[in-house]
Amino acid sequence: MPYTCKNCGAVANEPGHLCNPCGDKAKCRFCGSPDVGVGHMCTDKLAAMKFVCEGCGRVAMETEHLCKPKAIS
(Lines give C-alpha, C1' and ligand atoms only; values in the text may rest on other atoms or scores of the structure.)
Protein backbone atom coordinates (compact mmCIF):
# COMPACT_ATOMS: atom_id res chain seq x y z
CA MET A 1 0.00 0.00 0.00
CA PRO A 2 1.58 3.33 -0.99
CA TYR A 3 1.75 6.19 1.50
CA THR A 4 1.37 9.89 0.70
CA CYS A 5 3.09 12.79 2.46
CA LYS A 6 0.63 15.22 4.06
CA ASN A 7 3.08 18.11 3.52
CA CYS A 8 4.47 17.77 -0.01
CA GLY A 9 2.30 15.07 -1.65
CA ALA A 10 5.22 12.70 -2.36
CA VAL A 11 4.32 9.00 -2.60
CA ALA A 12 6.38 6.06 -1.25
CA ASN A 13 5.88 2.36 -0.55
CA GLU A 14 6.99 2.80 3.07
CA PRO A 15 6.04 5.66 5.42
CA GLY A 16 9.64 6.13 6.65
CA HIS A 17 10.60 7.69 3.31
CA LEU A 18 8.18 10.60 3.74
CA CYS A 19 8.42 13.70 5.93
CA ASN A 20 4.79 13.50 7.17
CA PRO A 21 3.11 10.26 5.98
CA CYS A 22 -0.63 9.58 5.93
CA GLY A 23 -1.89 6.19 7.02
CA ASP A 24 -1.23 3.60 9.70
CA LYS A 25 1.86 3.55 11.87
CA ALA A 26 4.41 0.93 10.90
CA LYS A 27 6.22 -1.71 12.95
CA CYS A 28 10.00 -1.36 12.81
CA ARG A 29 11.55 -4.01 10.53
CA PHE A 30 14.84 -3.96 12.45
CA CYS A 31 14.02 -3.80 16.17
CA GLY A 32 10.35 -4.84 16.08
CA SER A 33 9.16 -1.81 18.04
CA PRO A 34 5.41 -1.39 17.45
CA ASP A 35 3.74 1.79 16.22
CA VAL A 36 6.89 3.71 15.25
CA GLY A 37 6.79 7.19 13.79
CA VAL A 38 8.79 8.58 10.90
CA GLY A 39 11.60 9.75 13.22
CA HIS A 40 12.10 6.37 14.94
CA MET A 41 15.71 5.30 15.50
CA CYS A 42 16.60 1.81 16.77
CA THR A 43 18.78 2.29 19.84
CA ASP A 44 20.91 -0.79 19.15
CA LYS A 45 21.38 0.13 15.50
CA LEU A 46 22.20 3.83 15.90
CA ALA A 47 25.98 3.26 16.01
CA ALA A 48 25.85 1.18 12.82
CA MET A 49 24.12 3.82 10.69
CA LYS A 50 26.45 4.74 7.82
CA PHE A 51 24.22 6.45 5.26
CA VAL A 52 21.66 9.26 5.17
CA CYS A 53 19.07 9.87 2.45
CA GLU A 54 19.50 13.26 0.81
CA GLY A 55 15.82 13.14 -0.17
CA CYS A 56 13.99 12.31 3.07
CA GLY A 57 16.65 12.41 5.82
CA ARG A 58 16.25 8.77 6.81
CA VAL A 59 19.41 6.96 7.98
CA ALA A 60 20.37 3.36 7.25
CA MET A 61 23.15 0.81 7.50
CA GLU A 62 22.97 -0.03 3.77
CA THR A 63 22.36 2.11 0.69
CA GLU A 64 19.50 -0.03 -0.66
CA HIS A 65 17.26 1.15 2.20
CA LEU A 66 17.43 4.78 1.02
CA CYS A 67 16.14 6.77 -1.96
CA LYS A 68 19.23 9.00 -2.40
CA PRO A 69 22.00 7.58 -0.15
CA LYS A 70 25.01 9.60 0.97
CA ALA A 71 27.74 8.36 3.29
CA ILE A 72 27.74 9.86 6.78
CA SER A 73 31.17 11.33 7.47
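The values are calculated or read from the model by the stated rules, or taken from the named source; none is laboratory data. Owing to the predicted nature of the structure, the values given are computational and were not obtained by experimental measurement. Protein only, heavy atoms only, side chains kept; ligands, DNA and RNA dropped before computing areas. Shrake-Rupley method; radii C 1.70, N 1.55, O 1.52, S 1.80 Å.
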Note on the chain: contact order normalised by length, alpha-carbon pairs under 8 Å, 6 or more apart, percent, works out to 20 percent
May I have the count of lysine pairs in the chain with C-alpha atoms under 22 Å apart, counting pairs 8 or more residues apart or located on different chains?
-> 10
Roll a 1.4 Å probe over the protein chains and send me the accessible area per residue for the chain in Å².
-> 69 Å²
Can you give the convex hull volume of the alpha carbon atoms of the chain per residue, in Å³?
-> 86 Å³
Given 0.36 nm per residue, what is the gain on full extension from N7 to C19 after removing their alpha carbon distance, in nm?
-> 3.6 nm
